[in-house]
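**Q** Right, I'll just put the structure down here and ask away after.
The values are calculated or read from the model by the stated rules, or taken from the named source; none is laboratory data. Please read these numbers as outputs of a predicted model, since none were measured by experiment. A quick note on method: Cβ atoms are made from the backbone with ideal geometry, for glycine too, and the neighbour counts reach across all protein chains shown. The accessibility values were calculated without ligands, DNA or RNA, using every heavy atom of the protein model including side chains. Shrake-Rupley method; radii C 1.70, N 1.55, O 1.52, S 1.80 Å.
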Amino acid sequence: MKELKEAILTRGKAVNQDVLLVDSFLNHQVDPTLMHDIGESFAAHFKPLGIDRVLTIESSGIAPAAFTAYTLGVPLVIMKKQMSRIMTGDLLQTTVRSFTKGTEYQLTVKRDFLPEKEQILFIDDFLASGEAAFGAIKLVEEAHSTLAGIGIVIEKSFQSGRKRLDDLHIPVLSLARIISMGPEGIEFLE
Ligand code: 5GP
């Protein structure tokens with residue numbers, strides 16, 4: 001997606017060869033026009049799969065996922081990283097390793113918000129090792145629904161996540177695929 005690649009090149013910053021900072025338009029300050037266009041791209045691509053619900057992880061996935069869900073006209077469900085006293089009842093939970101923090105955390109969703117026999121679209125800001133996506137896959141399996149597709153805003157194609165997901169034969173759309181990054185610049189896979 002041209003506008004996204006331009007934003008990465010002009011407003012993103014490779015902290016090192018592994019981590020890209022995109023807090024000026026994606027996950028701290030949010031560019032709503034770009035998120036709208038991202039939502040339209042995901043919605044147009046995945047609509048033929050009959051998506052019933054969009055699933056994401058708090059907090060960085062919420063902006064692109066919300067625009068996608070709005071365009072598809074379906075609910076958005078946010079997997080919570082923090083439990084709270086008011087999260088009670090029948091809960092679905094799985095453990096995920098954080099790529100950026102190197103720690104483990106629990107993902108939690110109320111079973112009521114992931115009913116059985118639905119087609120679920122998972123949207124996230126980044127694909128690195130694929131741990132977050134595998135967390136979504138596990139929760140959707142536990143809910144007895146189908147993970148019909150995965151939409152990623154920025155894929156770091158040089159890390160293991162894409163290969164791990166391709167092995168499962170789940171349709172993946174990444175709007176920008178980075179093949180390398182560092183002080184000398186950012187290169188995309190076309
Ligand atoms: P994975 O689970 O695929 O290893 O990593 C995906 C998650 O880690 C995303 O939800 C994202 O929040 C975070 N992440 C992974 N790589 C990056 C990165 O280069 N920059 C930022 N800002 N977040 C990342």
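**Q** If I take R0 = 22 Å and measure r between the Cβ atoms of LYS81 and HIS169 in this structure, what FRET efficiency does the formula 1/(1 + (r/R0)^6) give, to the nearest 0.05?
**A** Rounded to the nearest 0.05, the efficiency is 0.20.
**Q** OK, next. Just subtract the alpha-carbon distance of SER98 and GLU6 from 0.36 nm times their residue separation and send over the number in nm, one decimal.
**A** Difference between extended and current length: 30.4 nm.
**Q** In what sequence, largest accessible area first, do LYS5, LYS80 appear using a 1.4 Å probe?
**A** Descending accessible area places them as LYS80, LYS5.
**Q** For a test of the definition: using alpha carbon positions, the gyration tensor, and the 1.5 limit on a/c, classify the stretch 66-173 as rounded, prolate or oblate.
**A** Oblate, because a/c is 1.5 or more while a/b does not exceed b/c.
**Q** Follow-up. At 222 nm, what helix-only mean residue ellipticity would the chain give, in deg cm²/dmol to the nearest 500, using -39500 (n - 2.57) for each DSSP H run of four or more?
**A** Details: 5 runs with 54 residues, N = 190.
It comes out at -8500 deg cm²/dmol, rounded to the nearest 500.
**Q** Assigning unit charges at the beta carbon (Lys, Arg +1; Asp, Glu -1) and nothing else, what dipole magnitude in debye, to the nearest 20, does the stretch 1-89 show about its Cα centre?
**A** 260 debye
**Q** I want the antiparallel fraction of DSSP beta bridges within the chain, as a percent rounded to 5. Working shown, then result.
**A** Numbers: 14 of 35 bridges.
Bridges in the chain that DSSP calls antiparallel: roughly 40 percent.
**Q** Excluding MET87 itself, what net charge comes from residues whose Cβ is under 15 Å from its Cβ, given Lys and Arg +1 and Asp and Glu -1?
**A** Working: positive: LYS80, LYS81, ARG85, LYS110, ARG111; negative: GLU58, ASP90, ASP112.
My count for the surroundings of MET87 gives +2.
**Q** Please give the direction-averaged projected area of the C-alpha convex hull for the stretch 2-188, in square nanometres with one decimal.
**A** Taking the Cα atoms of the stretch 2-188, their convex hull projects to 10.2 nm² on average.
**Q** Continuing with the same structure: Would you mind getting the accessible area per residue of the chain, heavy atoms of the protein chains only, 1.4 Å probe, in Å²?
**A** Per-residue value: 50 Å².
**Q** Once neighbouring chains are kept in place and the probe is 1.4 Å, which whole percent of the accessible area of the chain is contributed by carbon and sulfur?
**A** Its accessible area is 52 percent carbon and sulfur atoms.
**Q** Give me the distance in nm between label points sitting 7 Å out from Cα along the Cα-to-Cβ direction at GLU116 and HIS36, one decimal.
**A** 4.1 nm
**Q** How high is the relative contact order of the chain? Use alpha-carbon pairs under 8 Å, at least six apart in sequence, and give a whole percent.
**A** Across the chain, relative contact order equals 19 percent.
**Q** How large is the dipole of the stretch 109-179 about the Cα centre if only Lys and Arg carry +1 and Asp and Glu carry -1, each at its Cβ, rounded to the nearest 20 debye?
**A** With Lys and Arg at +1 and Asp and Glu at -1, about 180 debye.
**Q** On full extension of the chain, what length is gained from ALA44 through SER24, given 0.36 nm per residue of separation minus the C-alpha to C-alpha distance?
**A** Working: separation 20, 0.36 × 20 = 7.20 nm, distance 2.59 nm.
Contour length minus the Cα-Cα distance gives 4.6 nm.
**Q** Follow-up. Using only the heavy atoms of the protein chains and a 1.4 Å probe, how would LYS2, LYS117, LYS110 rank by accessible area, largest first?
**A** Putting LYS2, LYS117, LYS110 in descending order of accessible area: LYS117, LYS2, LYS110.
**Q** Something else now. With all protein chains present and a 1.4 Å probe, how do LYS13, LYS156 order by accessible area, largest first?
**A** The ranking, largest first, comes out as LYS13, LYS156.
**Q** Dipole size in debye (nearest 20) for the chain around its Cα centre, Lys and Arg Cβ +1, Asp and Glu Cβ -1? Walk me through the numbers before you get to the answer.
**A** Details: 20 positive and 25 negative charges, 65 e Å.
Computed about the Cα centre, the dipole is about 320 debye.
**Q** Name the residue farthest towards the positive end of the dipole of the chain from the options GLN29, ILE120, ALA136, assuming +1 on Cβ of Lys and Arg, -1 on Cβ of Asp and Glu, about the Cα centre.
**A** Result: ALA136, furthest along the dipole toward the positive end.
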